[in-house]
Amino acid sequence: MLEFFWGMVGSRPVEWIAVACGILNVSLIIRRSIWNYPFGFAVVTLYFFIFWEYRLYSDALLQVYFFVIQIYGLYYWLNGRASDGRISVAPLSAGVFAGYLAATAVVWVIVASLMSTYTDAAAPYWDAAVAALSVTAQFLLSRRHLQSWYLWIAVDVLAIGLFYTRGLEPTAALYVVFLGLAITGLIQWRRAAALQA
C-alpha cells in the first residue's frame with residue numbers, strides 16, 4: 001500500500017485529488033455541515049504522503065493529528081447541532097483566545113527548534129509555524145469556536161508562500177482558495193453567532 005501512495009506522490013494526480021477534497025471539505029465547513037468530515041479524512045491522508053515526500057515533516061505529522069482530531073470533531077459536531085441541522089457557533093472570550101495563542105507560540109518554538117536540530121527539514125521554522133497554528137485552529141474548529149477562522153487565515157497566508165517555494169504549486173494554489181474560503185467562513189460564522197445571540 002505504501003508503494004501505491006509513494007508512486008502517486010511522484011506524479012501530480014494525488015495532489016490534485018487532495019486539492020479537490022480540501023476545497024469540498026472547507027466549503028462544507030463554512031456551511032456548518034457535518035458532511036465535511038468524509039472529505040476531511042481523505043485530504044489529511046493524502047497530504048500525509050505528499051508532505052513526507054517533500055520533507056515537510058511538521059506538516060506531514062500534522063496530518064496525523066488532523067486525522068485524530070477530526071474523530072473528536074465529528075463527535076462534537078454531532079452533539080452540537082442547532083434546530084436547522086447545522087452546528088451552533090461557540091465564540092470564545094478574548095482572554096481564553098489569548099491563552100490559546102500563547103500556547104501556540106510555545107509549541108511553534110519547540111517544534112521548530114527540534115526540526116531544525118534533528119531533521120533535514122526544508123523550512124523548519126516556517127513549516128512549524130504553519131503546523132502549530134493549524135493544530136490550534138483545528139482544535140478550535142472542532143469545538144465550533146468562531147475564532148478558529150482567524151487562525152486559518154494566518155495559516156493560509158503562511159502556507160501559500162511555504163508550499164510555493166517548495167515546488168508544491170497546486171497546493172499553494174489550494175491555500176489561495178482556502179484563504180478566500182477562510183475569510184468567507186469568518187463572515188458566515190460571525191453572522192451565525194450574531195443570530196444565535
Original post:
Across region 115-159, which residue is farthest from VAL64 (Cα to Cα) among those that are β-branched (Val, Ile, Thr) and at pLDDT below 95?
Top reply: THR117
Subject >> Residue among VAL43, VAL19 that alone is at pLDDT below 90, open to solvent by less than 70 Å² (accessible area, probe 1.4 Å) and hydrophobic (A, V, I, L, M, F, W, C) >> reply: VAL19
Original post:
Would it be correct to say that LEU62 is at pLDDT 90 or above, under 24 Å from ILE29 (Cα atoms) and surrounded by 16 or more Cβ atoms within 10 Å (Cβ to Cβ)?
Top reply: no
**OP:** Enumerate the helices (runs of 4 or more DSSP H) found wholly within region 75-168, keeping only those where 3 or more residues are open to solvent by 40 Å² or more (accessible area, probe 1.4 Å) and either under 18 Å from ALA193 (Cα atoms) or of a type in the set (A, V, I, L, M) (or both).
**Re:** 94-118, 148-165
Subject >> Every residue from region 95-111 that is closer than 19 Å to LEU61 by Cβ and within 18 Å of the chain's Cα centre (by Cα) >> reply: ALA103, THR104, ALA105, VAL107, TRP108, VAL111
Original post:
Can you name every residue in region 89-114 that is closer than 27 Å to SER33 by Cβ, modelled with pLDDT under 95 and in contact with a helix residue (DSSP H, G or I) (Cβ under 6 Å, 6 or more places away or on another chain)?
Top reply: VAL89, PRO91
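The values are calculated or read from the model by the stated rules, or taken from the named source; none is laboratory data. None of these values were measured; they are calculated from a predicted model. So basically every Cβ, Gly included, is an ideal-geometry build from the backbone, and we count neighbours across all protein chains shown. Side chains included, ligands, DNA and RNA excluded: accessible areas come from the protein's heavy atoms. Shrake-Rupley method; radii C 1.70, N 1.55, O 1.52, S 1.80 Å.
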